[in-house]
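Okay, so here's the structure we're looking at.
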Amino acid sequence: MATRKKSTARPSSIAASNGNLRGARAAIDRPIGVFDSGIGGLTVLKALTAALPGEDFIYLGDTARLPYGTKSNEVIVRYSKENTGFLLAKGIKMLVVACNTSSAVALDAIASDTMVPVIGVIEPGARAAAKASRIGKIGVIGTEATIASGAYTRAIQRLSPRAEIYTRACPLLVPLAEEGWTNNAVAELTVAHYLESLKQSGIDTLLLGCTHYPLLREMFVRILGPRVKIVDSATATATDVRGRLRTLKLARRGGAGSQSFFVTETPDRFVRVGRRFLGPQVESAVRIER
């Protein structure tokens with residue numbers, strides 16, 4: 001399925017055109033697939049479950065091959081397509097690319113080979129930042145690959161051509177978040193080092209271009225001060241997903257949704273660390289082979 005050319009028809013319209021109400025119902029009841037390079041995408045999943053409590057989600061964390069942010073574009077695209085193929089085989093009705101690096105580098109390649117709707121986190125995050133900024137001075141932090149791609153800069157400039165955008169790669173923040181080092185002296189020194197140039201630039205909005213970074217939100221506020229708005233793409237992405245499901249008539253109504261978790265390595269660690277991101281609903285994870 002992952003190798004078929006992209007169709008302009010949507011799952012719901014296909015079912016309706018055939019008069020197959022059972023097919024339409026089956027499409028609605030399918031889960032939504034979410035993938036990330038590891039654990040950070042759980043911040044996006046948290047926003048998705050809050051916005052769409054009746055939907056089922058299948059989450060894949062490629063924990064064996066993280067971080068994606070230091071990989072070449074070719075490798076990021078390959079890994080992202082493999083993750084997509086796994087989730088498509090689970091019969092998903094929509095794919096959410098929760099990884100900022102994959103969204104920045106591989107989203108077009110994924111969407112061109114995928115029949116289900118695909119939503120990344122770059123465009124929603126850019127819209128949220130452009131809307132939040134009062135004076136048009138926006139800082140963007142992320143992994144090396146995300147920042148080097150220029151994806152956030154281009155997306156924000158399309159929305160706000162006069163905006164001044166200041167970017168900073170912050171590779172050490174991911175391991176800090178995963179280790180739970182979000183409120184100690186090491187974290188404060190590291191965050192202060194990365195944000196110093198952005199602070200000096202006079203930004204009024206900071207866009208968190210990595211799904212791990214919301215765990216360090218309090219530290220960002222402490223370093224930058226309360227006047228700088230902190231924006232992450234999770235809530236905006238969830239809003240986009242909800243809107244797209246309604247437009248395509250694929251949204252479930254009523255009931256309580258479920259979450260299933262798959263990883264490529266160390267499921268026990270995923271559960272332990274994942275609870276910092278999502279909470280106690282991360283009960284178990286299934287390891288898959290690569």
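The values are calculated or read from the model by the stated rules, or taken from the named source; none is laboratory data. Keep in mind the model is a prediction, meaning the values are calculated, not measured. For neighbour counting, all protein chains shown are included, and Cβ atoms are generated from backbone atoms with ideal geometry for every residue, glycine included.
Structure notes:
- Restricting I223, I230 to those that are assigned to a strand (DSSP E or B) and among the hydrophobic types (A, V, I, L, M, F, W, C) reduces the list to I230.
- Counted residues, the stretch 16-62 - those being modelled with pLDDT under 95, in contact with a strand residue (DSSP E or B) (Cβ under 8 Å, 6 or more places away or on another chain) and surrounded by fewer than 19 Cβ atoms within 10 Å (Cβ to Cβ): 0
- Within the stretch 66-82, the only residue that satisfies the criterion of being modelled with pLDDT under 95 and among the basic types (K, R) is K71.
- Filtered residues of the stretch 245-267 (kept if assigned to a helix (DSSP H, G or I) and either buried (at least 16 other Cβ atoms within 10 Å of the Cβ) or among the β-branched types (V, I, T) (or both)): L245, T247, P267
- Filtering the stretch 124-162 to residues that are within 15 Å of A104 (Cα to Cα) and assigned to a strand (DSSP E or B) leaves V140, I141, G142.
Table: residues versus (1) more than 21 Å from the chain's Cα centre (by Cα); (2) buried (at least 24 other Cβ atoms within 10 Å of the Cβ); (3) more than 17 Å from A177 (Cβ to Cβ).
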site	(1), (2), (3)
E196	yes, no, yes
C210	no, yes, no
Y213	no, yes, no
V221	yes, no, no
L224	yes, no, yes
R227	yes, no, yes
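- Look at (1) in contact with a strand residue (DSSP E or B) (Cβ under 8 Å, 6 or more places away or on another chain); (2) crowded, with 18+ Cβ neighbours inside 10 Å and you find that P67 fails only one, number (1).
- Of all residues in the stretch 146-185, those satisfying the criterion of being more than 19 Å from the chain's Cα centre (by Cα) and either in the same structural domain as F270 (by TED's automatic domain parsing) or among the β-branched types (V, I, T) (or both) are I165, T182.
- Taken together, the residues in the stretch 170-180 that are buried (at least 19 other Cβ atoms within 10 Å of the Cβ) and not acidic (D, E) amount to 5.
Let's see how each residue does on (1) in contact with a Leu (Cβ under 8 Å, 6 or more places away or on another chain); (2) in contact (Cβ under 8 Å) with a residue 12 or more places away in the chain; (3) polar (S, T, N, Q):
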| position | (1), (2), (3) |
| --- | --- |
| A109 | no, yes, no |
| A130 | yes, yes, no |
| K137 | no, yes, no |
| V186 | yes, no, no |
| S197 | no, yes, yes |
| G202 | no, yes, no |
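- Filter result for G139 (outside the structural domain of V34 (by TED's automatic domain parsing), touching a helix residue (DSSP H, G or I) at 6+ places or on another chain (Cβ under 9 Å) and of a type outside the set (D, E)): yes
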